[in-house]
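Peer 1: What follows is a structure written as structure tokens; I'll ask about it next.
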Amino acid sequence: MAHATTDTPFHDGERTAQIRAGVGNVAEWAGGFVRDHLPEQHREFHTSLPFLVLAGADTQGHTWVTLVEGGDGFIQSPDTRTLTLDTHIDDDDPLALALTGGTTIGAVGIELASRRRNRFSGDTRKTDTGFAIDIRQTFGNCPQYIHQRAWTRVTEHAPQPARRTDVLDDAQIARIRAADTLFIGSGHQEGNDVPSRGFDASHRGGAPGFVQVIDGTHLHIPDYSGNNFFNTIGNLINDARVGLVFVDFETGGLLHVSGRATIDWDPDVTRDPDARRMIEVEIDAIVDRPAALSLRWAPQDHLTRQLKVTARVQEAQDITSFYLSPVDGAPLPDFKAGQHLPIQVQIPGQVGLSKRSYSLSMASNPSEAWRLSIKREEQGLVSRFFHDHLQTGDVIEAAPPGGEFIVPDGDGPLVLVSAGVGITPMMAMMQELAAQGSHRPVWFVHAARNGAAHAFASDVRALVDTHPNLHRHVVYSQPDTTDVAGQDYDAAGRLTSKDVAALGGVGADAHYMLCGPARFLSDMRTGLEAAGISAAHIHFETFGPSAPA
């Protein structure tokens, strides 16, 4: 079998899955998201975490997933290609011997409170205080399907003895059926020194009961719309061995499962209409570790508020704004422009609440309604519900706004680059800067198909006309006959990184904020870095659970 080549970050199994799913040649645009080192933001993220999720194989070749924890600052990053973990691995951990002896692993760092996550793969080696991980590949993930939880640590912690079986008992089945979160591990061991060789650890989430227990040795796990990399399914195509871990967030218990998986590409949608595929797992071994961790997590559902739709405004052909006001009448909390609003809705026919996050498209003002501007996606369950069913007077629930995609501090130039509905956080940033009376130079750069697809065109024009520090550059790929050059748009064709890098009066200290489809972001970020712009000055946010437009 052919191995992954040097011009793609994906191996044969992943490319087979991408083709089977009909998402095209992902390697054409994904290169800008996959790196062989940790960017500074990812280093800061991982070293702030209280635990890390790892996937690998034990000495018998079974695939497992585990959580490794430590005290504050137990993860360090001495350089961009290394993480060190000051920790002790319990002997009952199914990966204990492999981790301390040195092995290939996949990892996901995840912050459940903010819903941030980052995945990477690498090789471990033993150190005096734990082990180190030498990075192979790393890339970020979107926050969809992550349930928000805040963590604490118990001071008196005594792990209980592990129990090893090969069939789930009634209590374990009940835990799985109540779970809204699991971590899955898979591997690809073909090829030497190929970046894609190794293991992958990934998060899976859904409404409680999203994992279907068929019997004591069989589980079905839905595969929802994601980043279209197909790391997990691509691995399983080549190697059926799979590992799972279910976390008891209240007690710190870990239920590890190892088995073999097959992929159902045409699942029964009556069981789960959101499922694009189904991962069917046959269990080989189980390790149940009560109170394995000192960490405890509490759900943040009490922070949600009911919001009523007070207005609907069509902004473009397929983009509608929904204005949301609190049902209780209390002021809305402040947020920073660029942050997103986690919402949850009960869609008829769906089991449990459907949760998504959408960027707030206006600057914070506690006395006004919040605004979400949502594009209707044909495959988007929640976006279709908003567009087709949500009317003025209807009520949804939302958690507090969050996210790190915000205006960098300072007075240096700012370049806001967006495509399509990626304009939403940029509108909030423009309004926020204008309201603050900021004098920092700002370029608003946007790509749209034409005027009919261009949301907020008049709002941007009004801000630019009344603020001399704001500048606009709009590119239409297919201008309509009614679109006026020089007024509605500034150039026709495709917006490229060269266009952005060539903007006049920007300067080397400028920060670039990017938001749009994954292919657009990848090309833009790669091109800007090639033009000499520091990676630390490039900030990006993709939208929706699916990466490509």
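The values are calculated or read from the model by the stated rules, or taken from the named source; none is laboratory data. Every value quoted in this text rests on a predicted model; they were computed, and no experiment measured them. Glycine also receives a Cβ, built like all others from the backbone with ideal geometry; neighbour counts cover every protein chain displayed.
Peer 1: (1) surrounded by fewer than 24 Cβ atoms within 10 Å (Cβ to Cβ); (2) of a type outside the set (Ser, Thr, Tyr); (3) under 21 Å from the mean Cα position of the chain (by Cα); (4) part of a loop (DSSP other than H, G, I, E, B): which one isn't true of Asp266, the others all being true?
Peer 2: Failing condition for Asp266: (3).
Peer 1: Looking only at region 307-321, decide whether some residue is within 30 Å of Gly209 (Cα to Cα), surrounded by fewer than 22 Cβ atoms within 10 Å (Cβ to Cβ) and either more than 22 Å from the chain's Cα centre (by Cα) or hydrophobic (A, V, I, L, M, F, W, C) (or both).
Peer 2: Yes, because at least one residue in region 307-321 is within 30 Å of Gly209 (Cα to Cα), surrounded by fewer than 22 Cβ atoms within 10 Å (Cβ to Cβ) and either more than 22 Å from the chain's Cα centre (by Cα) or hydrophobic (A, V, I, L, M, F, W, C) (or both).
Peer 1: Tell me the residue from Asp409, Asp394, Asp334 that is touching a Pro at 6+ places or on another chain (Cβ under 9 Å) and acidic (Asp, Glu), please.
Peer 2: Of the residues listed, the single one that is touching a Pro at 6+ places or on another chain (Cβ under 9 Å) and acidic (Asp, Glu) is Asp334.
Peer 1: May I pose another question? With the structure loaded, tell me whether Ser497 is buried (at least 20 other Cβ atoms within 10 Å of the Cβ), closer than 22 Å to Leu521 by Cα and out of contact with any strand residue (DSSP E or B) (no Cβ under 6 Å at 6 or more places or on another chain) or whether it fails that test.
Peer 2: Yes.
Peer 1: Moving on to the next point. Scan Glu44, Glu14 and give me the residue that is within 21 Å of the chain's Cα centre (by Cα), closer than 29 Å to Gly234 by Cα, among the charged types (D, E, K, R) and modelled with pLDDT under 95.
Peer 2: Selected residue: Glu14, the only one of Glu44, Glu14 that is within 21 Å of the chain's Cα centre (by Cα), closer than 29 Å to Gly234 by Cα, among the charged types (D, E, K, R) and modelled with pLDDT under 95.
Peer 1: Continuing with the same structure: Does Asp272 count as at pLDDT below 95 and closer than 21 Å to Thr217 by Cα?
Peer 2: Criteria met by Asp272.
Peer 1: If I ask for residues that are surrounded by 20 or more Cβ atoms within 10 Å (Cβ to Cβ) and either out of contact with any Ser or Thr (no Cβ under 6 Å at 6 or more places or on another chain) or modelled with pLDDT of 95 or more (or both), which ones from region 340-370 would you list?
Peer 2: Correct list: Leu341, Ile343, Lys355, Arg356, Ser357, Tyr358, Leu360, Ser361, Met362, Ala363, Trp370.
Peer 1: Moving to a separate point now. Being surrounded by 18 or more Cβ atoms within 10 Å (Cβ to Cβ), at pLDDT below 90 and in a loop (DSSP other than H, G, I, E, B), is that true of even one residue in region 199-209?
Peer 2: Within region 199-209, one or more residues are surrounded by 18 or more Cβ atoms within 10 Å (Cβ to Cβ), at pLDDT below 90 and in a loop (DSSP other than H, G, I, E, B).
Peer 1: Here's another thing I want to ask about it. Within the group Gln314, Gln350, Gln379, which residue is in a loop (DSSP other than H, G, I, E, B), within 29 Å of Ala448 (Cβ to Cβ) and of a type outside the set (Ser, Thr, Tyr)?
Peer 2: Gln379
Peer 1: From the list Asp480, Asp459, Asp465, which residue is of a type in the set (Asp, Glu) and within 22 Å of His340 (Cβ to Cβ)?
Peer 2: Residue meeting the stated conditions: Asp459.
Peer 1: In region 78-123, how many residues are in contact with a strand residue (DSSP E or B) (Cβ under 6 Å, 6 or more places away or on another chain), surrounded by fewer than 16 Cβ atoms within 10 Å (Cβ to Cβ) and closer than 28 Å to Asp288 by Cβ?
Peer 2: Of the residues in that region, 3 qualify.
Peer 1: Let me ask something additional. Do any residues in region 450-474 that are in the same structural domain as Tyr489 (by TED's automatic domain parsing) have Cβ atoms under 7 Å from those of residues that are of a type in the set (Lys, Arg) and part of a loop (DSSP other than H, G, I, E, B), where the two are at least six apart or on different chains, and which pairs are they?
Peer 2: Asn469/Arg440
Peer 1: Restricting to region 435-451, and then to whatever is surrounded by fewer than 20 Cβ atoms within 10 Å (Cβ to Cβ) and under 30 Å from the mean Cα position of the chain (by Cα), can you tell me which residue is farthest from Gly403 (Cα to Cα)?
Peer 2: Asn450
Peer 1: So, one more: Among (1) more than 17 Å from the chain's Cα centre (by Cα); (2) at pLDDT below 85; (3) assigned to a loop (DSSP other than H, G, I, E, B), where does His147 come up short?
Peer 2: (1)
Peer 1: When you go through (1) of a type outside the set (S, T, N, Q); (2) buried (at least 18 other Cβ atoms within 10 Å of the Cβ); (3) farther than 22 Å from Phe51 by Cβ one by one for Ala240, which number turns out not to apply?
Peer 2: For Ala240, the failing item is (2).
Peer 1: Kindly list, by first and then second residue, each pair from a residue in region 109-132 that is closer than 20 Å to Glu541 by Cβ and among the polar types (S, T, N, Q) to a residue that is part of a strand (DSSP E or B) and at pLDDT below 90, limited to pairs with Cβ atoms under 7 Å and residues at least 6 apart or on different chains.
Peer 2: Note: pairs meeting the criteria are Ser114/Gly402; Asn118/Thr138; Asn118/Gly140.
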